[in-house]
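Notes follow once the structure below has been shown.
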Amino acid sequence: MTAMDLIRAPAPLAPVERSPGYWALVLKRLSRDKVAMLALLVIVLLVLAAIFAPYIAPADPYKSSMLRRLRPIGTPGYPLGADELGRDMLTRLIYGARLSLLMGITPVFIAFAIGSTIGVAAGYIGGAFNTVVMRTIDVFYAFPSVLLAIALSGALGAGIFSGLLSLTIVFIPPIARIAESVTTQVRKIDYVEAARASGAPGFTIVRVHVLGNVLGPIFVYATSLISVSMILASGLSFLGLGVKPPEPEWGLMLNTLRNAIYVAPWVAALPGAMIFMTSIAFNLLSDGLRSAMDIKA
Amino acid sequence: MFLYALKRLIYVLPVAIGVSMVCFMLVHIAPGDPLISVLPPDASTELREQMRRAYGFDRPLPVQYLLWLMNVFQGNLGTSIATGRAVSEELSKAVGNTLMLSVMATLIGFVLGCLFGFVAGYFRDTWIDKLASFISVIGVSVPHYWLGMVLVIVFSVQLGWLPATGAGPGGSGAWVWDWEHVKFLILPAVTMSVIPMGIVSRTVRALVADILSQEFVQGLRAKGLLDTGVLRHIVKNAAPTALAVMGLQLGYLLGGSILIETVFSWPGTGFLLGQAIFQRDIPLLQGVILVLAMFFVFLNLAVDVMQSALDPRVQRS
Amino acid sequence: MSALVDIAPAPRTAVERPLLEVRQIVKHFPLKGGLFGRTTGTVRAVDGVDFDVMKGETLGIVGESGCGKSTTARLLVDLITPDAGEIAFDGRRLGPDLTLTELRRNVQMVFQDSYASLNPRLTLEDSIAFAPTVHGMKDLDARRLAQELLAKVGLEPKRFAGRYPHEISGGQRQRVNIARALALSPKLVILDEAVSALDKSVEAQVLNLLMDLKAELDLTYVFISHDLNVVRFMSDRVMVMYLGEVAEIGPVEAIYAQPAHPYTRALLGSMPSMDPEKRTEEVVLTGDPPNPINPPSGCRFHTRCAFAEEVCSVKKPSLHVRATRGHLASCHVGTPGSGHSLSELPA
């Protein structure tokens with residue numbers, strides 16, 4: 001470093017007092033919400049179980065045994081019983097978390113990315129573009145979500161990919177609608193006008209001033225859809241769409257165990273209990289997030 | 001009022017056309033030749049040619065769409081691959097069953113939802129409110145197809161009080177309103193009612209809490225005068241919204257009945273859909289989806305117009 | 001000198017030339033409604049407005065709500081695109097000689113709602129630094145500038161730079177908005193009801209700050225307000241608007257001492273005065289201004305005017321020179337040859 005550089009180097013800015021940002025406040029509030037934290041704990045445990053399934057599960061999820069079919073809960077060696085092909089239920093429930101969570105959560109996140117892009121663009125650009133885009137969205141929104149998911153994956157045929165695709169298409173319209181309405185509101189607020197008056201290009205305004213204010217509400221709405229998505233994804237597998245046997249997936253397990261309700265009723269009900277637990281955990285976390293975000297800031 | 005209805009109708013028509021296009025495309029997004037999707041695998045060459053001409057599968061998509069639409073308007077929804085019967089014929093039997101189930105479920109859900117919602121809103125922020133709110137969270141979180149299974153396990157398998165599946169004794173006879181038939185309806189209707197119950201109770205809770213926080217009601221309450229007059233006021237103000245929510249829920253149930261009908265082998269449109277999926281019967285799938293989606297679209301329209309008739313403030317622009 | 005047609009503005013001080021020239025600017029908003037979203041009417045928000053803003057002066061714009069003053073403000077920085085008319089800045093016409101970006105670097109705006117005009121997710125420093133960054137300034141330099149500007153508007157940078165808008169008071173927020181408007185070193189600042197939402201004591205402080213900044217930075221202001229006292233305090237010249245048109249324009253003393261337009265007189269008559277001696281016997285305005293969707297024919301004020309005659313509902317008056325130099329009013333009274341019975345009388 002030469003003397004010249006020393007002279008030219010700008011003096012560092014004096015440190016200033018900083019307030020915690022909005023998201024820091026939201027997280028702080030959320031962390032004080034006992035119900036939401038319990039829900040988060042359940043979700044984290046499920047995700048960990050899904051990731052480390054091979055290390056936790058006591059048995060092989062595909063190994064069947066005709067001799068040990070439909071053992072009740074509490075059978076030695078089979079703590080949660082055995083399914084209609086004699087496979088260990090505990091193992092399959094743990095492995096089932098993998099596909100069930102993947103099928104339930106992924107569509108919402110993809111739909112969040114696509115739906116926000118569509119909605120924010122339509123809301124910010126407005127005019128005829130908005131009309132065309134939102135009317136197209138309205139068409140898909142006009143289907144009840146269950147019906148649209150079944151129609152699409154029914155036509156596409158069973159399979160993980162067709163299930164993911166159908167569910168993504170189902171969740172794009174509601175997310176795009178919310179994104180459009182929030183963006184339309186934000187676009188009219190004076191700080192966006194002021195940014196326009198400063199000569200900033202539209203893209204910069206959207207990045208700095210619009211997204212920061214609309215992604216939060218859109219995200220909360222999207223998290224509330226995860227619960228619906230879990231139920232729908234497993235529902236597709238339950239109908240024979242989505243995941244194909246012999247993969248362990250809660251909805252599919254519920255389907256194949258349906259005829260076993262007279263022999264081992266509570267074993268047959270277990271996969272559904274897992275879906276219920278996951279769905280309610282996501283719902284409670286989403287509710288907690290919503291109220292944590294409800295602050296004037 | 002009439003003008004508003006007309007305006008909504010004009011708004012809904014393009015949506016309805018869009019919905020029909022999506023249904024039309026179902027045959028085309030199915031993997032493989034669309035002709036194969038709408039014909040049984042052992043169809044004769046003549047039948048193939050006949051279908052190809054009838055649906056214009058060798059012509060451009062817009063032409064095919066118009067041909068298909070003309071057929072639909074003449075009541076021709078195609079032929080089921082699995083049964084060989086007309087899709088419209090299959091549907092006409094199923095629609096009544098689904099309607100009965102859905103209406104029943106909506107009524108149960110509405111009554112329970114109003115009850116829970118009212119209690120929760122009235123005793124806002126007390127433990128009663130928390131309990132009622134928790135019940136409504138359960139209502140919207142529970143996989144209803146699983147709930148159906150659990151109810152079957154308890155009331156059919158373990159207690160033996162109610163039948164597990166079907167819509168009447170000894171297979172599919174005509175429906176009669178007697179106990180022998182009604183007991184088949186109880187489990188599916190109760191299962192199905194859980195979703196509208198959760199949503200109605202959330203709505204009613206918010207409405208009641210809002211009305212009770214209005215100043216003049218607060219004044220009456222302070223004087224200890226929460227009498228029938230106030231109750232009437234609450235009902236009058238909450239009813240239009242609650243009824244609208246109920247109407248919309250009925251639409252969702254009609255469209256979403258497939259899972260529950262599958263669990264209970266209830267011979268409705270959802271069960272038909274399940275069969276269509278199981279047998280890859282694309283014409284049947286398309287016909288059922290079209291009818292249910294159109295039903296939903298126009299039910300929404302009716303709810304909208306009715307709500308604005310009850311309460312002219314809520315006209316959507 | 002002037003880039004557009006001269007309308008003889010009043011030279012008040014020695015070195016004068018228009019910094020901003022506005023000619024025949026028009027903005028109509030279509031009203032949508034009916035069955036197919038047809039246009040069922042037109043709000044004539046701004047209907048052919050002419051004025052100049054001299055370098056270094058403060059032009060006050062007054063009028064009742066709905067008279068088009070805020071729309072005019074937004075038209076000046078093209079936040080709303082005018083339907084017709086021309087704007088020239090520093091002798092260069094917007095469009096052929098001057099780009100919108102150049103105009104916006106030179107003309108900045110402060111809005112009425114101090115809270116809504118700051119992004120709630122950005123720190124005050126980031127809000128001020130945004131515009132310079134957009135125009136190519138390095139991040140660190142922009143932040144340094146933001147802190148300097150905070151100091152300049154009387155907010156200690158160490159305490160305020162890292163705060164969020166909801167943490168400070170309305171007066172402080174409006175100071176931040178002023179700092180933000182100054183960040184691009186503009187020549188002209190449009191203050192659209194910038195102090196109207198503030199408490200009286202805070203308002204006075206902010207007005208004094210604006211006066212100080214104007215002197216220090218050699219600024220020109222367009223000061224829009226419905227408060228006639230504040231406009232009198234701030235302005236060199238005043239423009240009175242009525243239903244999208246200019247009713248009267250002129251030096252502040254002339255407007256307040258010898259208002260030529262009956263509307264101005266009525267406005268001043270309804271102005272609260274501290275001095276009971278000064279309370280006028282003037283006719284106070286009654287009723288709301290007519291609907292700008294279907295403004296009255298002829299002179300738009302004739303429906304509320306005490307001097308209205310037949311000619312007023314038929315013939316549209318144009319701006320006409322009054323006793324003082326640079327004082328113009330759009331009224332048949334005192335306009336020779338207008339056909340009004342009082343046309344020859346001095347207003």
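The values are calculated or read from the model by the stated rules, or taken from the named source; none is laboratory data. Just so it is clear, the model here is predicted, and its values are computed rather than measured. As a convention, Cβ positions derive from the backbone with ideal geometry for all residues, glycine included, and neighbour counts pool all protein chains shown.
Descriptive notes on the structure:
- Out of A:LEU236, A:LEU215, A:LEU252, one residue alone is modelled with pLDDT of 90 or more and more than 11 Å from chain B (Cβ to nearest Cβ). It is A:LEU215.
- The single residue among B:GLY148, B:GLY160, B:GLY117 that is out of contact with any Gly (no Cβ under 9 Å at 6 or more places or on another chain), within 14 Å of another protein chain (Cβ to nearest Cβ) and modelled with pLDDT of 85 or more turns out to be B:GLY148.
- Across segment A:37-60, not a single residue is classified as surrounded by 17 or more Cβ atoms within 10 Å (Cβ to Cβ) and not aliphatic (A, V, I, L, M).
- The single condition from (1) within 24 Å of A:PRO201 (Cα to Cα); (2) of a type in the set (A, V, I, L, M, F, W, C); (3) out of contact with any Gly (no Cβ under 8 Å at 6 or more places or on another chain); (4) touching a residue at least 12 places away in the same chain (Cβ under 8 Å) that C:LEU98 fails is (4).
- When segment C:135-171 is filtered for residues that are surrounded by fewer than 21 Cβ atoms within 10 Å (Cβ to Cβ), under 15 Å from C:ALA181 (Cβ atoms) and within 10 Å of chain A (Cβ to nearest Cβ), only C:HIS135 remains.
- Within segment B:83-92, the residues that satisfy the criterion of being under 16 Å from B:LEU290 (Cα atoms) and charged (D, E, K, R) are B:GLU89, B:GLU90.
- Against the conditions (1) surrounded by fewer than 22 Cβ atoms within 10 Å (Cβ to Cβ); (2) of a type in the set (Gly, Ala, Ser); (3) assigned to a helix (DSSP H, G or I), A:GLY240 satisfies every one except (3).
- Close pairs from segment A:171-200: first at positive phi, partner surrounded by 24 or more Cβ atoms within 10 Å (Cβ to Cβ), Cβ under 8 Å, at least 6 apart: A:GLY199/C:ALA131
- The set of residues from segment C:94-120 being surrounded by fewer than 21 Cβ atoms within 10 Å (Cβ to Cβ), facing chain A (nearest Cβ under 9 Å) and either among the charged types (D, E, K, R) or not in a loop (DSSP other than H, G, I, E, B) (or both) comprises C:LEU100, C:THR101, C:GLU102, C:ARG105, C:ASP113.
- Filtered residues of segment B:250-259 (kept if at the interface with chain A (Cβ under 10 Å from one of its Cβ atoms) and either assigned to a helix (DSSP H, G or I) or surrounded by fewer than 24 Cβ atoms within 10 Å (Cβ to Cβ) (or both)): B:GLY251, B:TYR252, B:LEU253, B:LEU254, B:GLY255, B:GLY256, B:ILE258, B:LEU259
- Residue match in segment B:134-141 (condition: small (Gly, Ala, Ser), away from chain A (no Cβ under 14 Å) and either assigned to a helix (DSSP H, G or I) or closer than 23 Å to B:ILE258 by Cβ (or both)): no
- Residue count for segment B:50-84, restricted to those that are under 20 Å from B:ASP281 (Cα atoms), exposed (fewer than 14 other Cβ atoms within 10 Å of the Cβ) and of a type in the set (S, T, N, Q): 1
- Each residue in segment A:269-283 was checked for being more than 7 Å from chain B (Cβ to nearest Cβ) and of a type in the set (Gly, Ala, Ser), and 2 pass.
- Subset of segment A:198-212 [assigned to a helix (DSSP H, G or I) and either among the polar types (S, T, N, Q) or more than 14 Å from chain C (Cβ to nearest Cβ) (or both)]: A:THR204
Residue-wise test of (1) more than 14 Å from every other protein chain (Cβ to nearest Cβ); (2) charged (D, E, K, R); (3) buried (at least 22 other Cβ atoms within 10 Å of the Cβ).
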| residue | (1), (2), (3) |
| --- | --- |
| A:PRO72 | no, no, no |
| A:GLY96 | no, no, yes |
| A:LEU102 | yes, no, no |
| A:VAL120 | yes, no, yes |
| A:GLY123 | yes, no, yes |
| A:THR131 | no, no, no |
| A:VAL146 | no, no, yes |
| A:SER166 | no, no, yes |
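- Going through (1) free of Cβ contacts under 8 Å to residues at least 40 places away in the same chain; (2) crowded, with 19+ Cβ neighbours inside 10 Å one by one, B:GLY109 falls short only on (1).
- Single residue of segment A:13-29 satisfying the filter (in a loop (DSSP other than H, G, I, E, B) and facing another protein chain (nearest Cβ under 7 Å)) that is surrounded by the most Cβ atoms within 10 Å (Cβ to Cβ): A:VAL16
- Subset of segment A:219-233 (residues that are away from chain B (no Cβ under 14 Å), surrounded by fewer than 24 Cβ atoms within 10 Å (Cβ to Cβ) and not aromatic (Phe, Trp, Tyr)): A:VAL220
- Residues that are of a type outside the set (D, E, K, R), part of a loop (DSSP other than H, G, I, E, B), away from every other protein chain (no Cβ under 14 Å) and at negative phi within segment C:54-90 comprise C:SER65, C:CYS67, C:PRO82, listed in sequence order.
- Test for C:GLY91: is it crowded, with 21+ Cβ neighbours inside 10 Å, touching a residue at least 12 places away in the same chain (Cβ under 8 Å) and not acidic (Asp, Glu): no
- Hits in segment B:5-44 (condition: within 7 Å of another protein chain (Cβ to nearest Cβ), within 16 Å of B:ALA293 (Cα to Cα) and not hydrophobic (A, V, I, L, M, F, W, C)): B:PRO14, B:GLY18
- Annotation note: Cβ proximity below 6 Å between a residue of segment B:147-169 that is among the polar types (S, T, N, Q) and a residue that is surrounded by fewer than 18 Cβ atoms within 10 Å (Cβ to Cβ) (sequence gap 6+ or interchain) occurs for B:SER156/B:LEU162; B:THR165/B:SER265.
- Flag if C:ALA254 is farther than 23 Å from C:ALA45 by Cβ, without any contact (Cβ under 8 Å) to a residue 24 or more places away in the chain, more than 14 Å from every other protein chain (Cβ to nearest Cβ) and part of a helix (DSSP H, G or I): no
- Options A:LEU165, A:LEU215: the member that is under 30 Å from B:ILE36 (Cβ atoms) and either part of a helix (DSSP H, G or I) or touching a residue at least 40 places away in the same chain (Cβ under 8 Å) (or both): A:LEU165
- Some residue of segment B:278-293 being surrounded by fewer than 24 Cβ atoms within 10 Å (Cβ to Cβ), part of a loop (DSSP other than H, G, I, E, B) and more than 8 Å from chain A (Cβ to nearest Cβ): yes
- Answer from C:PRO251, C:PRO262 - the residue that is surrounded by 23 or more Cβ atoms within 10 Å (Cβ to Cβ), under 28 Å from C:VAL230 (Cβ atoms) and at pLDDT 80 or above: C:PRO262
- Qualifying residue in segment C:180-198 (condition: surrounded by fewer than 24 Cβ atoms within 10 Å (Cβ to Cβ), away from chain A (no Cβ under 14 Å), assigned to a helix (DSSP H, G or I) and in contact with a strand residue (DSSP E or B) (Cβ under 9 Å, 6 or more places away or on another chain)): no
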